[in-house]
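Below is one structure, written out as C-alpha coordinates, with a few remarks after it.
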Amino acid sequence: MSSRTVPKPPSNWVSTAVSLPITTLKYASTEPVVTGGLLYVLTRGPPHVRERLLRPFANNLLSKNGATRLASLITILKFLTAIGVAKRINGALNRLALNNWSLRRPGASFHFGGAKSELVLITGGSSGFGYEMVKGFSKSARVVVLDISPFPNELARLPDVHFYRCDVTDTSSVVSICAEIKKNLGNPSVLINNAGIGIGKTVLETTNEECERLFKINLISHFVLIREFLPAMLQMKKGHIVTISSMASFFAAPGLLDYCCTKVGALYLNDGIRAECLTRYPGGEGICTTSVHPSWHSTGILKGAEKTLNERGIFPDPPSKVSDLVIEQVLKARSGRIHVPLSEEGRAGLRNWPLWAQDLSMGHVFARKRFEFGRDASSTLQ
(Lines give C-alpha, C1' and ligand atoms only; values in the text may rest on other atoms or scores of the structure.)
Protein backbone atom coordinates (compact mmCIF):
# COMPACT_ATOMS: atom_id res chain seq x y z
CA MET A 1 0.00 0.00 0.00
CA SER A 2 1.01 3.59 -0.36
CA SER A 3 2.86 5.20 2.49
CA ARG A 4 0.99 7.56 4.77
CA THR A 5 1.10 11.29 4.13
CA VAL A 6 2.73 13.06 7.06
CA PRO A 7 0.45 15.75 8.54
CA LYS A 8 1.61 19.27 7.83
CA PRO A 9 2.89 21.13 10.89
CA PRO A 10 1.30 24.41 11.97
CA SER A 11 4.17 26.41 10.51
CA ASN A 12 3.29 25.10 7.08
CA TRP A 13 -0.30 26.33 7.44
CA VAL A 14 1.07 29.75 8.35
CA SER A 15 3.25 29.68 5.26
CA THR A 16 0.24 28.74 3.13
CA ALA A 17 -1.82 31.58 4.60
CA VAL A 18 0.97 34.08 3.94
CA SER A 19 1.40 32.91 0.35
CA LEU A 20 -2.33 32.89 -0.41
CA PRO A 21 -2.53 36.55 -1.54
CA ILE A 22 0.45 36.00 -3.84
CA THR A 23 -1.11 32.85 -5.27
CA THR A 24 -4.43 34.63 -5.78
CA LEU A 25 -2.74 37.58 -7.51
CA LYS A 26 -0.76 35.21 -9.73
CA TYR A 27 -3.94 33.40 -10.75
CA ALA A 28 -5.83 36.63 -11.41
CA SER A 29 -3.02 38.07 -13.53
CA THR A 30 -3.09 35.06 -15.87
CA GLU A 31 -6.88 34.71 -16.07
CA PRO A 32 -8.16 36.68 -19.07
CA VAL A 33 -11.69 36.79 -17.68
CA VAL A 34 -10.35 38.75 -14.68
CA THR A 35 -7.88 40.99 -16.50
CA GLY A 36 -10.18 41.49 -19.49
CA GLY A 37 -13.14 42.32 -17.28
CA LEU A 38 -11.12 44.84 -15.32
CA LEU A 39 -9.79 46.33 -18.55
CA TYR A 40 -13.32 46.74 -19.91
CA VAL A 41 -14.54 48.46 -16.75
CA LEU A 42 -11.60 50.89 -16.74
CA THR A 43 -11.89 51.78 -20.44
CA ARG A 44 -15.52 51.35 -21.46
CA GLY A 45 -17.47 50.70 -18.31
CA PRO A 46 -20.08 53.07 -16.82
CA PRO A 47 -18.38 56.09 -15.20
CA HIS A 48 -20.00 55.49 -11.80
CA VAL A 49 -18.71 51.90 -11.72
CA ARG A 50 -15.21 52.98 -12.71
CA GLU A 51 -15.26 55.71 -10.08
CA ARG A 52 -16.35 53.28 -7.37
CA LEU A 53 -13.60 50.83 -8.39
CA LEU A 54 -10.86 53.46 -8.25
CA ARG A 55 -12.06 55.31 -5.14
CA PRO A 56 -10.02 53.19 -2.62
CA PHE A 57 -6.82 54.17 -4.46
CA ALA A 58 -7.54 57.87 -4.86
CA ASN A 59 -5.62 58.89 -1.73
CA ASN A 60 -2.62 56.58 -2.18
CA LEU A 61 -1.63 54.97 -5.48
CA LEU A 62 -3.46 57.51 -7.62
CA SER A 63 -2.89 60.59 -5.46
CA LYS A 64 0.03 61.76 -7.61
CA ASN A 65 0.18 61.44 -11.40
CA GLY A 66 -3.09 59.53 -11.23
CA ALA A 67 -3.86 59.75 -14.94
CA THR A 68 -0.39 58.52 -15.91
CA ARG A 69 -0.47 55.63 -13.46
CA LEU A 70 -3.97 54.64 -14.58
CA ALA A 71 -2.81 54.66 -18.20
CA SER A 72 0.12 52.42 -17.24
CA LEU A 73 -2.25 50.04 -15.46
CA ILE A 74 -4.46 49.85 -18.55
CA THR A 75 -1.41 49.05 -20.70
CA ILE A 76 -0.41 46.26 -18.31
CA LEU A 77 -3.95 44.87 -18.33
CA LYS A 78 -3.97 44.84 -22.13
CA PHE A 79 -0.71 42.90 -22.14
CA LEU A 80 -1.88 40.41 -19.49
CA THR A 81 -5.22 39.90 -21.25
CA ALA A 82 -3.50 39.23 -24.57
CA ILE A 83 -1.14 36.71 -22.93
CA GLY A 84 -4.04 35.05 -21.11
CA VAL A 85 -6.12 34.75 -24.28
CA ALA A 86 -3.14 33.35 -26.17
CA LYS A 87 -2.63 30.72 -23.45
CA ARG A 88 -6.30 29.76 -23.61
CA ILE A 89 -6.15 29.39 -27.40
CA ASN A 90 -2.92 27.40 -27.13
CA GLY A 91 -4.50 25.10 -24.54
CA ALA A 92 -7.57 24.55 -26.69
CA LEU A 93 -5.46 23.73 -29.76
CA ASN A 94 -3.33 21.33 -27.70
CA ARG A 95 -6.44 19.53 -26.47
CA LEU A 96 -7.75 19.31 -30.02
CA ALA A 97 -4.42 17.89 -31.23
CA LEU A 98 -4.25 15.38 -28.39
CA ASN A 99 -7.66 14.08 -29.39
CA ASN A 100 -6.56 13.43 -32.96
CA TRP A 101 -7.81 16.78 -34.27
CA SER A 102 -11.43 15.89 -33.67
CA LEU A 103 -14.02 17.59 -31.47
CA ARG A 104 -15.53 14.18 -30.80
CA ARG A 105 -13.32 11.15 -30.29
CA PRO A 106 -13.44 9.05 -33.46
CA GLY A 107 -13.77 5.28 -33.35
CA ALA A 108 -16.03 3.03 -31.32
CA SER A 109 -17.58 4.13 -28.04
CA PHE A 110 -16.46 2.97 -24.61
CA HIS A 111 -19.08 1.43 -22.32
CA PHE A 112 -18.21 2.01 -18.68
CA GLY A 113 -20.81 1.36 -16.01
CA GLY A 114 -22.69 -1.38 -14.23
CA ALA A 115 -22.47 -3.86 -17.12
CA LYS A 116 -18.66 -3.63 -16.91
CA SER A 117 -18.12 -4.22 -20.62
CA GLU A 118 -14.63 -2.72 -20.56
CA LEU A 119 -11.46 -4.40 -19.25
CA VAL A 120 -8.82 -2.20 -17.63
CA LEU A 121 -5.29 -3.56 -17.13
CA ILE A 122 -3.12 -1.88 -14.50
CA THR A 123 0.51 -2.69 -13.77
CA GLY A 124 1.73 -2.10 -10.24
CA GLY A 125 -1.81 -2.26 -8.89
CA SER A 126 -0.95 -3.57 -5.43
CA SER A 127 0.13 -0.21 -4.02
CA GLY A 128 0.35 3.53 -4.56
CA PHE A 129 -1.45 5.03 -7.54
CA GLY A 130 -2.33 1.58 -8.86
CA TYR A 131 -4.00 0.57 -5.60
CA GLU A 132 -6.30 3.58 -5.76
CA MET A 133 -7.02 3.09 -9.45
CA VAL A 134 -8.05 -0.53 -8.92
CA LYS A 135 -10.60 0.62 -6.34
CA GLY A 136 -11.91 3.36 -8.58
CA PHE A 137 -12.13 1.44 -11.85
CA SER A 138 -13.71 -1.64 -10.21
CA LYS A 139 -16.97 0.34 -9.93
CA SER A 140 -17.43 0.66 -13.70
CA ALA A 141 -15.19 -1.91 -15.39
CA ARG A 142 -13.52 -5.26 -15.01
CA VAL A 143 -9.96 -4.83 -13.77
CA VAL A 144 -6.88 -7.01 -14.20
CA VAL A 145 -3.73 -6.27 -12.20
CA LEU A 146 -0.12 -7.25 -12.89
CA ASP A 147 2.25 -6.88 -9.95
CA ILE A 148 5.15 -8.76 -8.38
CA SER A 149 4.01 -7.69 -4.91
CA PRO A 150 1.25 -9.60 -3.07
CA PHE A 151 -2.26 -8.42 -3.82
CA PRO A 152 -4.00 -6.75 -0.84
CA ASN A 153 -6.99 -8.68 0.48
CA GLU A 154 -9.25 -5.63 0.32
CA LEU A 155 -8.64 -5.41 -3.42
CA ALA A 156 -8.97 -9.14 -4.00
CA ARG A 157 -12.45 -9.01 -2.49
CA LEU A 158 -13.68 -6.45 -5.01
CA PRO A 159 -16.00 -7.84 -7.70
CA ASP A 160 -14.57 -8.38 -11.19
CA VAL A 161 -10.99 -7.71 -10.11
CA HIS A 162 -8.36 -10.23 -11.23
CA PHE A 163 -4.74 -10.48 -10.12
CA TYR A 164 -1.77 -12.03 -11.92
CA ARG A 165 1.52 -12.16 -10.10
CA CYS A 166 4.04 -11.00 -12.65
CA ASP A 167 7.61 -9.72 -12.75
CA VAL A 168 7.48 -7.20 -15.60
CA THR A 169 11.28 -7.40 -15.99
CA ASP A 170 10.80 -10.95 -17.32
CA THR A 171 9.57 -10.32 -20.85
CA SER A 172 8.79 -13.95 -21.69
CA SER A 173 6.73 -14.26 -18.51
CA VAL A 174 4.83 -11.06 -19.37
CA VAL A 175 4.04 -12.33 -22.85
CA SER A 176 2.83 -15.66 -21.42
CA ILE A 177 0.59 -13.99 -18.84
CA CYS A 178 -0.83 -11.62 -21.45
CA ALA A 179 -1.84 -14.64 -23.55
CA GLU A 180 -3.57 -16.09 -20.51
CA ILE A 181 -5.41 -12.82 -19.87
CA LYS A 182 -6.62 -12.65 -23.48
CA LYS A 183 -7.87 -16.24 -23.25
CA ASN A 184 -9.62 -15.91 -19.89
CA LEU A 185 -10.81 -12.29 -19.83
CA GLY A 186 -10.50 -10.90 -23.33
CA ASN A 187 -8.48 -7.94 -24.58
CA PRO A 188 -8.18 -4.83 -22.42
CA SER A 189 -9.50 -1.63 -23.92
CA VAL A 190 -7.55 0.39 -21.33
CA LEU A 191 -3.86 -0.18 -20.56
CA ILE A 192 -2.37 1.74 -17.61
CA ASN A 193 1.41 1.43 -17.46
CA ASN A 194 1.82 2.39 -13.82
CA ALA A 195 4.50 0.08 -12.36
CA GLY A 196 7.63 1.96 -11.37
CA ILE A 197 10.56 2.02 -8.97
CA GLY A 198 13.22 4.50 -7.91
CA ILE A 199 16.73 3.90 -6.63
CA GLY A 200 17.78 7.33 -5.39
CA LYS A 201 21.51 7.05 -6.04
CA THR A 202 23.96 8.84 -8.28
CA VAL A 203 25.11 7.16 -11.49
CA LEU A 204 28.42 6.11 -9.94
CA GLU A 205 26.69 4.67 -6.88
CA THR A 206 24.22 2.60 -8.93
CA THR A 207 25.14 -0.89 -10.10
CA ASN A 208 24.57 -2.08 -13.66
CA GLU A 209 22.03 -4.61 -12.36
CA GLU A 210 20.04 -1.96 -10.48
CA CYS A 211 19.99 0.34 -13.49
CA GLU A 212 18.91 -2.42 -15.88
CA ARG A 213 16.09 -3.50 -13.57
CA LEU A 214 14.83 0.08 -13.22
CA PHE A 215 14.73 0.57 -17.00
CA LYS A 216 12.92 -2.73 -17.52
CA ILE A 217 10.21 -1.86 -14.99
CA ASN A 218 9.82 1.85 -15.72
CA LEU A 219 10.11 1.78 -19.51
CA ILE A 220 10.77 -1.50 -21.33
CA SER A 221 7.65 -3.13 -19.87
CA HIS A 222 5.59 -0.34 -21.46
CA PHE A 223 6.80 -1.36 -24.92
CA VAL A 224 6.08 -5.03 -24.23
CA LEU A 225 2.52 -4.44 -23.02
CA ILE A 226 1.70 -2.01 -25.83
CA ARG A 227 2.82 -4.62 -28.37
CA GLU A 228 0.62 -7.19 -26.64
CA PHE A 229 -2.60 -5.18 -26.45
CA LEU A 230 -2.57 -2.34 -28.99
CA PRO A 231 -3.34 -4.61 -32.00
CA ALA A 232 -6.67 -5.67 -30.47
CA MET A 233 -7.47 -2.06 -29.56
CA LEU A 234 -6.93 -1.10 -33.20
CA GLN A 235 -9.28 -3.88 -34.30
CA MET A 236 -11.90 -2.72 -31.78
CA LYS A 237 -11.34 0.89 -32.95
CA LYS A 238 -11.12 1.98 -29.35
CA GLY A 239 -8.49 1.96 -26.66
CA HIS A 240 -6.75 4.11 -24.10
CA ILE A 241 -3.07 3.88 -23.20
CA VAL A 242 -2.24 5.70 -19.98
CA THR A 243 1.40 6.31 -19.13
CA ILE A 244 2.21 7.17 -15.52
CA SER A 245 5.28 9.30 -16.04
CA SER A 246 6.45 12.01 -13.63
CA MET A 247 7.44 15.64 -13.35
CA ALA A 248 10.90 14.04 -13.37
CA SER A 249 10.42 13.64 -17.13
CA PHE A 250 11.19 17.37 -17.43
CA PHE A 251 14.27 17.50 -15.16
CA ALA A 252 17.66 15.82 -14.91
CA ALA A 253 17.80 15.61 -11.11
CA PRO A 254 21.06 14.63 -9.37
CA GLY A 255 20.66 11.37 -7.46
CA LEU A 256 17.67 10.40 -9.59
CA LEU A 257 19.11 10.50 -13.09
CA ASP A 258 18.25 6.93 -14.11
CA TYR A 259 14.66 7.46 -12.94
CA CYS A 260 14.42 10.73 -14.88
CA CYS A 261 15.71 9.03 -18.03
CA THR A 262 13.01 6.36 -17.84
CA LYS A 263 10.32 8.97 -17.27
CA VAL A 264 11.32 11.16 -20.18
CA GLY A 265 11.42 7.93 -22.20
CA ALA A 266 7.88 7.11 -21.04
CA LEU A 267 6.74 10.59 -22.09
CA TYR A 268 8.30 10.17 -25.53
CA LEU A 269 6.77 6.70 -25.87
CA ASN A 270 3.35 8.18 -25.10
CA ASP A 271 3.83 10.93 -27.68
CA GLY A 272 5.30 8.54 -30.24
CA ILE A 273 2.46 6.01 -29.94
CA ARG A 274 0.00 8.86 -30.45
CA ALA A 275 1.91 9.88 -33.62
CA GLU A 276 1.98 6.31 -34.91
CA CYS A 277 -1.73 5.88 -34.26
CA LEU A 278 -2.40 9.08 -36.21
CA THR A 279 -0.22 8.19 -39.18
CA ARG A 280 0.58 4.48 -39.40
CA TYR A 281 -2.13 2.24 -37.95
CA PRO A 282 -5.61 1.67 -39.44
CA GLY A 283 -8.09 2.37 -36.64
CA GLY A 284 -5.50 4.41 -34.77
CA GLU A 285 -7.74 7.46 -34.67
CA GLY A 286 -9.82 5.69 -32.02
CA ILE A 287 -6.91 5.27 -29.60
CA CYS A 288 -6.57 7.70 -26.70
CA THR A 289 -3.17 8.40 -25.14
CA THR A 290 -2.62 10.13 -21.81
CA SER A 291 0.62 10.88 -20.00
CA VAL A 292 0.46 11.65 -16.27
CA HIS A 293 3.10 13.70 -14.48
CA PRO A 294 2.83 13.60 -10.69
CA SER A 295 5.08 15.65 -8.44
CA TRP A 296 5.45 14.62 -4.76
CA HIS A 297 2.94 11.94 -3.75
CA SER A 298 2.97 9.52 -0.87
CA THR A 299 3.62 6.19 -2.58
CA GLY A 300 6.03 3.36 -1.90
CA ILE A 301 8.56 4.92 -4.26
CA LEU A 302 9.34 7.56 -1.61
CA LYS A 303 9.68 5.04 1.22
CA GLY A 304 12.76 5.89 3.23
CA ALA A 305 12.88 9.55 2.23
CA GLU A 306 9.77 10.88 3.98
CA LYS A 307 11.57 12.44 6.95
CA THR A 308 14.05 14.36 4.83
CA LEU A 309 11.28 15.51 2.51
CA ASN A 310 9.31 16.88 5.46
CA GLU A 311 12.41 18.66 6.80
CA ARG A 312 12.73 20.39 3.42
CA GLY A 313 9.12 21.54 3.57
CA ILE A 314 7.86 18.92 1.09
CA PHE A 315 4.70 17.14 2.22
CA PRO A 316 3.59 14.57 -0.39
CA ASP A 317 -0.05 14.49 -1.40
CA PRO A 318 -2.06 11.26 -1.13
CA PRO A 319 -1.96 9.02 -4.23
CA SER A 320 -5.70 9.50 -4.75
CA LYS A 321 -4.93 13.01 -6.06
CA VAL A 322 -3.43 11.29 -9.11
CA SER A 323 -5.66 8.23 -9.41
CA ASP A 324 -8.87 10.29 -9.33
CA LEU A 325 -7.68 12.36 -12.29
CA VAL A 326 -6.64 9.26 -14.25
CA ILE A 327 -10.02 7.62 -13.69
CA GLU A 328 -11.84 10.79 -14.73
CA GLN A 329 -9.71 11.08 -17.88
CA VAL A 330 -10.34 7.47 -18.92
CA LEU A 331 -14.07 7.57 -18.23
CA LYS A 332 -14.54 10.64 -20.41
CA ALA A 333 -12.51 8.94 -23.19
CA ARG A 334 -10.21 11.88 -23.86
CA SER A 335 -6.48 12.01 -24.44
CA GLY A 336 -4.42 14.39 -22.35
CA ARG A 337 -1.29 15.38 -20.51
CA ILE A 338 -1.98 15.68 -16.80
CA HIS A 339 0.28 17.52 -14.35
CA VAL A 340 -0.41 16.86 -10.67
CA PRO A 341 -0.83 19.29 -9.07
CA LEU A 342 -1.85 21.55 -11.94
CA SER A 343 0.44 24.28 -10.60
CA GLU A 344 3.40 22.15 -11.78
CA GLU A 345 2.42 22.59 -15.41
CA GLY A 346 4.52 25.73 -15.77
CA ARG A 347 7.63 23.88 -14.63
CA ALA A 348 7.28 21.46 -17.53
CA GLY A 349 8.75 24.15 -19.77
CA LEU A 350 11.98 24.42 -17.78
CA ARG A 351 13.90 22.60 -20.53
CA ASN A 352 13.11 25.51 -22.86
CA TRP A 353 14.81 28.03 -20.57
CA PRO A 354 18.39 29.20 -21.23
CA LEU A 355 20.91 26.84 -19.64
CA TRP A 356 22.07 29.46 -17.12
CA ALA A 357 18.46 29.97 -15.99
CA GLN A 358 17.99 26.20 -15.65
CA ASP A 359 21.10 25.98 -13.46
CA LEU A 360 19.90 28.78 -11.21
CA SER A 361 16.40 27.31 -10.94
CA MET A 362 17.68 23.83 -10.11
CA GLY A 363 20.23 25.12 -7.58
CA HIS A 364 23.27 23.81 -9.47
CA VAL A 365 25.22 27.07 -9.07
CA PHE A 366 24.68 28.43 -5.58
CA ALA A 367 24.39 26.09 -2.60
CA ARG A 368 20.83 25.87 -1.43
CA LYS A 369 19.06 23.93 1.29
CA ARG A 370 17.03 21.68 -0.94
CA PHE A 371 16.07 18.04 -1.20
CA GLU A 372 18.10 15.68 -3.36
CA PHE A 373 17.86 11.92 -3.39
CA GLY A 374 20.90 10.10 -2.07
CA ARG A 375 22.54 13.17 -0.57
CA ASP A 376 22.43 11.58 2.88
CA ALA A 377 21.35 8.29 4.43
CA SER A 378 17.87 9.56 5.32
CA SER A 379 17.08 10.42 1.69
CA THR A 380 17.98 7.01 0.25
CA LEU A 381 15.03 5.05 -1.06
CA GLN A 382 14.27 1.64 0.39
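The values are calculated or read from the model by the stated rules, or taken from the named source; none is laboratory data. Everything numeric here is computed off the predicted structure, so don't read it as measured data. All Cβ positions, glycine included, derive from the backbone under ideal geometry; neighbour counts span all protein chains shown.
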Exercise for the section: Can you confirm whether the stretch 359-378 contains a residue that is in a helix (DSSP H, G or I), at pLDDT below 80, surrounded by 15 or more Cβ atoms within 10 Å (Cβ to Cβ) and of a type in the set (S, T, N, Q)? Expected result: no
Practice task
Give Ala115, Ala82, Ala28 a once-over and let me know the one that is out of contact with any helix residue (DSSP H, G or I) (no Cβ under 9 Å at 6 or more places or on another chain), small (Gly, Ala, Ser) and over 30 Å from Phe223 (Cβ atoms).
Solution key: Ala115
Handout entry: Residues satisfying the stated conditions in the stretch 337-358, i.e. among the aromatic types (Phe, Trp, Tyr) and modelled with pLDDT under 85
Key = Trp353
Practice task
Kindly indicate whether any position in the stretch 220-234 is without any contact (Cβ under 8 Å) to a residue 24 or more places away in the chain and not in a helix (DSSP H, G or I).
Solution key: no
Problem - Selection within the stretch 116-143 - within 15 Å of Val242 (Cα to Cα), hydrophobic (A, V, I, L, M, F, W, C) and not in a helix (DSSP H, G or I) - result: Leu119, Val120, Leu121, Ile122, Val143
Handout entry: Residues that are within 18 Å of Ala333 (Cβ to Cβ) and either without any contact (Cβ under 8 Å) to a residue 60 or more places away in the chain or surrounded by fewer than 23 Cβ atoms within 10 Å (Cβ to Cβ) (or both), drawn from the stretch 240-249
Key = Ile241, Thr243
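One line per residue, one yes/no per condition, for (1) outside the structural domain of Gly36 (by TED's automatic domain parsing); (2) within 26 Å of Glu228 (Cα to Cα):
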| position | (1), (2) |
| --- | --- |
| Leu61 | no, no |
| Lys64 | no, no |
| Thr68 | no, no |
| Lys78 | no, no |
| Thr81 | no, no |
| Gly84 | no, no |
| Arg104 | yes, no |
| Gly113 | yes, yes |
Completion exercise
Filtering the stretch 160-190 down to residues that are in a loop (DSSP other than H, G, I, E, B) and either surrounded by 19 or more Cβ atoms within 10 Å (Cβ to Cβ) or not acidic (Asp, Glu) (or both) yields Cys166, Val168, Thr169, Gly186, Asn187, Pro188, Ser189
Practice task
Give Phe129, Phe79 a once-over and let me know the one that is over 17 Å from Val190 (Cβ atoms) and among the aromatic types (Phe, Trp, Tyr).
Solution key: Phe79
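Conditions (1) surrounded by fewer than 16 Cβ atoms within 10 Å (Cβ to Cβ); (2) within 20 Å of Asn99 (Cα to Cα); (3) without any contact (Cβ under 8 Å) to a residue 24 or more places away in the chain; (4) in contact with a His (Cβ under 6 Å, 6 or more places away or on another chain), marked per residue:
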{"position": "Ile327", "(1), (2), (3), (4)": "no, yes, no, no"}
{"position": "Ser335", "(1), (2), (3), (4)": "no, yes, no, no"}
{"position": "Ile338", "(1), (2), (3), (4)": "no, yes, no, no"}
{"position": "Arg351", "(1), (2), (3), (4)": "yes, no, no, no"}
{"position": "Leu355", "(1), (2), (3), (4)": "yes, no, yes, no"}
Practice task
Could you give me the residue pairs with C-beta distances under 6 Å whose first residue belongs to the stretch 142-154 and is without any contact (Cβ under 8 Å) to a residue 40 or more places away in the chain, whose second residue is part of a strand (DSSP E or B) and not aromatic (Phe, Trp, Tyr) wherever it lies, and which are 6+ apart or on separate chains?
Solution key: Val143/Val120; Val143/Val161; Val145/Ile122
Problem - Qualifying positions in the stretch 235-252 - closer than 20 Å to Ala141 by Cβ and in a helix (DSSP H, G or I) - result: Gln235, Met236
Exercise for the section: Being crowded, with 18+ Cβ neighbours inside 10 Å, outside any helix (DSSP H, G or I) and more than 19 Å from the chain's Cα centre (by Cα) is the filter here, so list the residues in the stretch 253-286 that pass it. Expected result: Gly255, Gly283
Exercise for the section: Determine the pairs where a residue that is free of Cβ contacts under 8 Å to residues at least 60 places away in the same chain, located within the stretch 85-104, has a partner that is of a type in the set (A, V, I, L, M) and assigned to a loop (DSSP other than H, G, I, E, B) with Cβ atoms under 8 Å apart, the partner being 6 or more residues away or on another chain. Expected result: Leu96/Leu103
Handout entry: Any chance Leu73 is under 42 Å from the mean Cα position of the chain (by Cα) and assigned by TED's automatic domain parsing to the domain that holds Glu31
Key = yes
Exercise for the section: Go through the stretch 139-159 and give me each residue that's basic (Lys, Arg) and either touching a helix residue (DSSP H, G or I) at 6+ places or on another chain (Cβ under 9 Å) or surrounded by 15 or more Cβ atoms within 10 Å (Cβ to Cβ) (or both). Expected result: Lys139, Arg142
